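S.K.: Could you have a look at this structure, given as C-alpha cells, before my questions?
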Amino acid sequence: MSGPGFIDQLLGVVFGQRPKAGPTRVMGIVNVTPDSFSDGGKYDSADAAYAHAMRLVAEGADLLDIGGESTRPGAVEVDVEEELRRVLPVIERLATRVAVPISIDTSKPEVMRAAVDAGAGMINDVRGLRREGALDTAAMLGVPVVLMHMQGEPCSMQEAPAYDDVVAEVHRFLVERIFVAEMAGIAKRNIVVDPGFGFGKNTQHNLQLLAQLQRFAELGVPLLAGLSRKKTIGELTGRAEPRERVFGSVAAHLVAAQRGALLLRVHDVAATVDALKVWNALAAVPMPRVQAKPEIRWPDD
Ligand code: 9MG
C-alpha cells in the first residue's frame with residue numbers, strides 16, 4: 001500500500017483514517033483577471049497577483065487557487081493564450097517561493113497542462129472536467145482535482161436557475177462525476193467535490209445546499225465549499241458591495257466547516273483562519289449536557 005496522498009497530507013490526515021470533519025484548510029483566492037466580481041482588476045498584473053498571493057500565505061492560507069478567467073455570473077470566456085498569459089508568470093514565481101500547494105482554477109486542458117508544468121499541484125475545475133479532453137488530461141497529470149457542480153455556464157447561469165430538488169440533483173451529479181473520474185484513471189484519493197454555491201443557484205438553492213452539506217461530506221472524498229463574498233451573502237446581509245461581505249462569508253464558511261467541508265475557498269484568509277482557530281479551540285473543550293432548557297425572561301416581559 002502506498003503512503004498518504006497530496007490531499008491527505010494537506011489535511012493532515014493519517015492514510016485510511018480520514019475523518020468526516022476535522023482539520024479544515026483554507027484556500028486563498030488569487031484572481032489574475034480584470035473582471036472578477038469581488039476583486040476584478042485589482043490583481044490583474046502578475047506583480048500585483050504575486051504580492052497578493054504572498055500576503056494570503058502570510059495570513060495563513062494552506063493553499064492558493066490561481067485563476068485567469070472570471071467565472072462570475074455574466075462573465076465572458078477568454079481564449080487559452082490569454083488565460084496562460086495571465087496565470088503562468090504568477091504560478092512560475094510562486095512555485096519556487098511558497099511552501100503551500102498551488103491550485104489552477106481552469107476548465108481548459110491546455111491550461112491545466114501548462115500550469116502543472118509550471119508548478120501547480122492541483123486542478124480546480126468549476127465544470128467538473130466536462131470539457132472535451134479535460135478528464136483525460138487531469139488523469140494523465142495525476143494531480144488532485146476539484147470536481148464542482150455548475151448548472152449552465154457563467155454567462156447565463158443566474159438568469160433562471162431551476163431544480164426539482166437541488167440537493168438531490170447536485171448530489172447525483174457529484175456521485176456521477178466521481179465515478180466518471182475514477183473510470184478515467186483519477187485515483188479516488190485525488191478527488192475533491194464541491195456543490196458549487198452560486199453557480200446556477202439562487203439564495204434559496206444555496207441555503208438548502210448549506211443546510212444539507214453533510215450529505216456531500218459523506219461522499220467519501222474531501223468536500224470544498226466556496227461562498228466567499230458571493231451574492232447570497234450579500235442578499236442575506238443586505239450588503240451590495242462584495243468587499244463588505246467579509247463577516248457574512250466567515251459565518252457561512254464556519255457553518256460549512258461544521259457540516260464537514262474540509263477546504264474553504266476564500267478571499268478573506270486572515271478572518272477565516274481566526275474563525276477556524278476559535279472553533280477548533282472550542283471543539284476541543286467538552287460541552288456539559290444541558291439538563292433543562294432555562295426560561296429566559298426579558299426585562300419588559
Ligand atoms: C473558481 N471558483 C469560484 N467560486 C468557486 C467555488 O465556489 N468553488 C470552486 N471550486 N471554485 C470556484
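The values are calculated or read from the model by the stated rules, or taken from the named source; none is laboratory data. Because the structure is predicted, anything quoted here is derived from the model rather than measured. Every residue, glycine among them, receives a Cβ derived from its backbone with ideal geometry; neighbour counts consider all protein chains shown. Quick note on the areas: whole protein, heavy atoms, side chains included, nothing else; ligands and nucleic acids left out. Shrake-Rupley method; radii C 1.70, N 1.55, O 1.52, S 1.80 Å.
S.K.: Evaluate 2.2 N^0.38 Å with N set to the residue count of region 179-233, then give the Cα radius of gyration divided by it.
M.R.: My calculation over the Cα atoms of region 179-233 gives 1.28.
S.K.: Need the full-extension length gain, PHE6 to GLN291, defined as separation in residues times 0.36 nm minus the C-alpha distance. One decimal, nm.
M.R.: Working: separation 285, 0.36 × 285 = 102.60 nm, distance 4.44 nm.
Fully extending the segment from PHE6 to GLN291 adds 98.2 nm.
S.K.: Among ASP125, ASP164, ASP105, which one moves the most in a GNM of the chain with springs linking Cα atoms closer than 10 Å?
M.R.: Looking only at ASP125, ASP164, ASP105, the biggest GNM fluctuation is shown by ASP164.
S.K.: Could you give each residue of region 191-199 its phi-based ³J(HN,Hα) in whole Hz, using Karplus coefficients 6.51, -1.76, 1.60 with θ = phi - 60°, and x for Gly or Pro?
M.R.: Once rounded to whole Hz, the list reads 10, 10, 10, 8, x, x, 4, x, 9.
S.K.: Within the chain, which DSSP H helices have Cα atoms that stretch 15 Å or more along the helix axis and a mean Kyte-Doolittle hydropathy of at least -1.0?
M.R.: Working: long enough: 46-58 (18 Å, 0.63); 80-95 (21 Å, 0.08); 166-183 (25 Å, 0.98); 246-258 (18 Å, 1.42); 269-283 (21 Å, 1.11).
Result, helices passing both filters: 46-58, 80-95, 166-183, 246-258, 269-283.
S.K.: If ligands, DNA and RNA are left out, what is the accessible area of VAL285 with a 1.4 Å probe, given in Å² to the nearest 10?
M.R.: 80
S.K.: While we're on this one: Whole number in Å², please: accessible area per residue of region 248-296, 1.4 Å probe, ligands, DNA and RNA not counted.
M.R.: 62
S.K.: Here's something else I'd like to know. So for region 210-263, taking the charge dipole from beta-carbon charges (+1 Lys/Arg, -1 Asp/Glu), which of LEU227, LEU213, ALA240 sits furthest toward the positive end?
M.R.: Working it through, the farthest residue towards the positive pole turns out to be ALA240.
S.K.: Here is a follow-up. Which is the longest stretch in the chain that no exposed loop site breaks, taking sites as GluC sites (Glu not before Pro) with a DSSP loop state and at most 16 other Cβ atoms within 10 Å?
M.R.: Working: sites that count: GLU59, GLU77, GLU132, GLU159, GLU218, GLU295.
Result, exposed sites excluded: 219-294.
S.K.: When all alpha-carbon pairs of region 60-129 are counted, what percent fall beyond 13 Å?
M.R.: Working: 1458 of 2415 pairs.
Result for the distance tail: 60 percent.
S.K.: Which of the lysines could a cross-linker span from LYS230 if the Cα-Cα distance has to be under 25 Å and same-chain partners fewer than 8 positions apart are dropped?
M.R.: Filter leaves LYS42, LYS108, LYS201, LYS277.
S.K.: Based on Cα coordinates alone, diagonalise the gyration tensor for the chain, multiply each eigenvalue by 5, take square roots, and list the semi-axes in whole Å, largest first. Numbers along the way, then the final one.
M.R.: Working: eigenvalues 182, 101, 86 Å².
Semi-axes (√(5λ), whole Å): 30, 22, 21.
S.K.: Would you grab the residues whose amide H sits under 5 Å from the one on ARG265? Only those 5+ places off in sequence or on another chain, please, with H modelled 1.01 Å from N.
M.R.: Amide H neighbours of ARG265: MET27, ALA225, GLY226, LEU227.
S.K.: Of all accessible surface on region 78-204 at a 1.4 Å probe, what whole percent is carbon and sulfur?
M.R.: Values: 2560 of 5040 Å².
Reported share for carbon and sulfur atoms: 51 percent.
S.K.: Sorted from largest to smallest, which semi-axis lengths in Å does the alpha carbon gyration tensor of region 154-257 give for its equivalent ellipsoid, taking the root of 5 times each eigenvalue?
M.R.: Details: eigenvalues 134, 49, 30 Å².
Equivalent ellipsoid semi-axes, largest first: 26, 16, 12 Å.
S.K.: Any idea how far the Cα center of region 91-123 sits from the one of region 228-301, in Å?
M.R.: Using only Cα atoms, the two centres lie 31 Å from each other.
S.K.: State the percent of C-alpha pairs, over all pairs in region 222-294, separated by a distance greater than 16 angstrom.
M.R.: Working: 1398 of 2628 pairs.
Percentage above 16 Å: 53.
S.K.: Please work out the average accessible area per residue across region 190-244, using the 1.4 Å probe convention, and give it in Å². Walk me through the intermediate numbers first.
M.R.: Values: 2120 Å² over 55 residues.
Each residue of region 190-244 exposes 39 Å² on average to a 1.4 Å probe.
S.K.: Region 127-198: Rg/Rh from Cα coordinates, Kirkwood Rh?
M.R.: Working: Rg = 12.8 Å, Rh = 12.9 Å.
With Rg and the Kirkwood Rh in hand, the quotient comes to 0.99.
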